[in-house]
Amino acid sequence: VKNSPQKATAMHYLIMYDIENNKVRRLVSKYLQQQGCIRIQKSVFMAHTEHPKFLAIYETLKDINSFYENADSIMLVPVNVADVRSMKLIGNNVNIEVLTDPRNTYFF
């Protein structure tokens, strides 16, 4: 995000949820991590991916939510690169730098 050019089809987005059922909440959390999303807070993830994968994640979360009677909410919010770069986060275990300032590895 910081210095690399971005594909026009790639996007950043936040996924935020309020899920009452512990089992479902764990399932959603594990699923998002498997999809490469980075946990920012307990119920907030950030991802950078192509639009088709974004739609696949959306459809999966929609299906999970429809399987049982609930009052849960899940939000997927697209954010532009400038917003991600200007994000200021305060607190412990906040690792937004993984997206905004990835480490470089050099081999000699």
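Go through (1) open to solvent by 80 Å² or more (accessible area, probe 1.4 Å); (2) at pLDDT 95 or above; (3) over 10 Å from the mean Cα position of the chain (by Cα) for L61 and report which single condition fails.
Condition (1) is where L61 drops out.
Among residues belonging to region 15-44 that are part of a strand (DSSP E or B) and either open to solvent by 80 Å² or more (accessible area, probe 1.4 Å) or at pLDDT below 95 (or both), point out the one that is farthest from V84 (Cα to Cα).
Pass one, region 15-44, residues part of a strand (DSSP E or B): 15-18, 38-41, 44.
Cutting the leftovers down to either open to solvent by 80 Å² or more (accessible area, probe 1.4 Å) or at pLDDT below 95 (or both) gives us 18, 38-41, 44.
Values: D18: 22, I38: 13, R39: 15, I40: 12, Q41: 15, V44: 14 Å.
The extreme case among them is D18.
Looking at region 54-81, I want the residues that are without any contact (Cβ under 8 Å) to a residue 24 or more places away in the chain and part of a loop (DSSP other than H, G, I, E, B) and have a partner that is of a type outside the set (G, A, S) and open to solvent by less than 80 Å² (accessible area, probe 1.4 Å) with Cβ atoms under 9 Å, at least 6 apart or on another chain. Which pairs are those?
Matching pairs, first to second residue: F67/V24.
The values are calculated or read from the model by the stated rules, or taken from the named source; none is laboratory data. Every value quoted in this text rests on a predicted model; they were computed, and no experiment measured them. Don't worry about glycine lacking a Cβ; one is built from the backbone with ideal geometry, like all the others, and counts go over all protein chains shown. Accessible surface areas use protein heavy atoms only, side chains included; no ligands, DNA or RNA. Shrake-Rupley method; radii C 1.70, N 1.55, O 1.52, S 1.80 Å.
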